[in-house]
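The structure appears below as structure tokens.
Read-outs throughout are calculated quantities, based only on the coordinates presented, and are distinct from any laboratory measurement. Here the structure is a predicted model, which means the values were calculated and not measured.
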Amino acid sequence: MKVKVKLFAILRERAGTAEFVKEIKEGSTVAELWAALQQDYPKLAVPGLRLLYAVNQDYVKPDRILQNADEVVFVPPVSGG
């Protein structure tokens, strides 16, 4: 199955892309997708990085099981002043 992935801020910069389609196995979770993305884009593998996850514009936990054609968004912590 395929999901649409969107990366924001530092994640987009590290991966060199903001949006793409990723093929994953049926029954995969958001956490498993994130692990696969870190294999595809090693610069995303930042120890201790805490992310927010959204599927189809709803915030979810990493154990959310994905469905075909879901839109998955990874949002890094935001800082600033």
Taking every DSSP beta bridge that has both residues in the chain, what percent is antiparallel when rounded to the nearest 5?
75
May I ask you to derive the relative contact order of the chain, considering only C-alpha pairs under 8 Å and at least 6 residues apart, and to give it as an integer percent?
42
How many lysine pairs are close in the chain, with Cα atoms under 16 Å apart and the two 8 or more places apart or on different chains?
6
Report the equivalent ellipsoid semi-axes for the chain in whole Å, largest first, defined as the square roots of five times the eigenvalues of the gyration tensor built from alpha carbon atoms.
19, 14, 12
Please give the helix 30-40 orientation as an angle from the longest Cα principal axis of the chain, in degrees from 0 to 90, rounded to the nearest 10.
70
